[in-house]
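K.L.:
Please find one structure pasted underneath; my questions will follow.
The values are calculated or read from the model by the stated rules, or taken from the named source; none is laboratory data. Computed from a predicted model, the values in this text were never measured in an experiment. Note that each Cβ is placed from the backbone with ideal geometry, even for glycine, and that neighbours are counted across all protein chains shown. Side chains are part of the model used for accessible areas, which takes the heavy atoms of the whole protein and leaves out ligands, DNA and RNA. Shrake-Rupley method; radii C 1.70, N 1.55, O 1.52, S 1.80 Å.
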Amino acid sequence: MTSETAATPTAANPTAAVLVIGNEILSGRTKDANLGHIAETLAGIGVRLREARVVPDVEEEIVAAVNALRPRYTYVFTTGGIGPTHDDITAACVAKAFGVALERNPEAVARLERHYAAGQLNEARLRMANVPAGGILIDNPISQAPGFQIGNVFVMAGVPNIMRAMLDGILPRLAGGPALHARTVACELAEGVIAADLSALQDRHPALEIGSYPYFRSGSFGVSLVLRGTDEAEVTTAADELAGIVRRLGGTPTLTVGTKG
């Protein structure tokens with residue numbers, strides 16, 4: 001099967017959810033390093049990440065989460081649970097969620113055969129070639145064991161460098177929306193000082209997302225105020241208004257393009 005088939009978007013402004021799968025995340029043993037990267041990458045093509053869930057390696061919870069998310073969002077991205085061990089059950093669970101058989105994919109087997117030395121491709125590793133019927137492979141240029149796409153669900157590895165390579169590979173399949181523009185106004189004012197004016201600014205610009213993120217650095221408290229929207233001119237105008245508000249309240253604004261600051 002070709003790996004170039006695009007998922008069909010269901011909205012003019014596409015949205016996404018991420019489903020993180022794994023007991024190791026919930027136990028705290030492993031720190032998730034994928035969610036932020038996925039969110040930033042999707043924002044770059046105009047896809048808004050609207051929800052993230054973390055579930056254990058439990059069949060009924062994975063199936064329920066997949067079936068709850070996939071009709072609600074344009075795209076669903078899962079990470080984790082597609083390795084060779086007994087607790088890697090994501091592929092089987094996604095197959096069950098879609099009501100299709102789990103099959104040994106011939107192309108996935110061929111990729112693993114090319115990757116492993118003679119005699120090293122055992123039955124455990126062959127489990128990584130099990131794909132729901134109708135699934136489209138997601139390339140894995142690092143260790144060759146593929147992910148897969150079925151419907152609007154993209155199943156990827158949990159290992160960060162492999163997940164990032166897979167995500168890069170599927171970007172051409174995704175239909176993005178209007179680009180998101182962002183400006184950040186940082187200042188050393190307390191949130192309580194600026195809250196009322198910030199609320200009024202949001203009322204004047206309902207199409208924008210305006211977030212307030214307090215910080216402590218270099219021995220001082222402050223807040224980063226992030227404005228996002230698809231109309232760059234409006235984002236810029238609102239950011240300038242916000243910088244003026246900060247000055248009026250006795251602060252010194254630092255205005256940057258993007259969400260850092």
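K.L.:
Looking at the range 95-123, which of its residues are open to solvent by less than 40 Å² (accessible area, probe 1.4 Å), farther than 17 Å from residue 70 by Cβ and touching a residue at least 24 places away in the same chain (Cβ under 8 Å)?
P.N.:
105, 108, 111, 112
K.L.:
Have a look at 128, 156 and point out the one that is in the same structural domain as residue 66 (by the TED database), in contact (Cβ under 8 Å) with a residue 24 or more places away in the chain, more than 21 Å from residue 37 (Cβ to Cβ) and within 26 Å of the chain's Cα centre (by Cα).
P.N.:
When all the criteria are applied, what remains is 128.
K.L.:
Continuing with the same structure: Among the residues of the range 57-86, count how many are part of a loop (DSSP other than H, G, I, E, B) and open to solvent by less than 60 Å² (accessible area, probe 1.4 Å).
P.N.:
Selection size over the range 57-86: 9.
K.L.:
Please find, within the range 221-253, the residue that is most open to solvent (accessible area, probe 1.4 Å) out of those that are among the hydrophobic types (A, V, I, L, M, F, W, C) and in a helix (DSSP H, G or I).
P.N.:
Result: 233.
K.L.:
Answer yes or no as to whether residue 259 is at pLDDT 95 or above, of a type in the set (S, T, N, Q) and open to solvent by 40 Å² or more (accessible area, probe 1.4 Å).
P.N.:
no
K.L.:
Here is a list: 214, 206. Which entry is without any contact (Cβ under 8 Å) to a residue 12 or more places away in the chain, under 28 Å from residue 45 (Cα atoms) and under 30 Å from the mean Cα position of the chain (by Cα)?
P.N.:
Step by step, each of 214, 206 is checked, and only 206 is without any contact (Cβ under 8 Å) to a residue 12 or more places away in the chain, under 28 Å from residue 45 (Cα atoms) and under 30 Å from the mean Cα position of the chain (by Cα).
K.L.:
Out of 218, 199, I need the residue that is of a type in the set (S, T, N, Q), open to solvent by less than 70 Å² (accessible area, probe 1.4 Å) and more than 30 Å from residue 69 (Cβ to Cβ). Which one?
P.N.:
Checking each option against the conditions leaves just 199.
K.L.:
Residues to consider are 189, 137, 171, 167; find the one that is part of a loop (DSSP other than H, G, I, E, B) and of a type outside the set (Ser, Thr, Tyr).
P.N.:
189
K.L.:
If you don't mind, another one. Assuming residue 193 fulfils every condition listed in (1) within 23 Å of residue 65 (Cα to Cα); (2) open to solvent by 50 Å² or more (accessible area, probe 1.4 Å) apart from one, which condition is it?
P.N.:
Just one mismatch for residue 193, condition (1).
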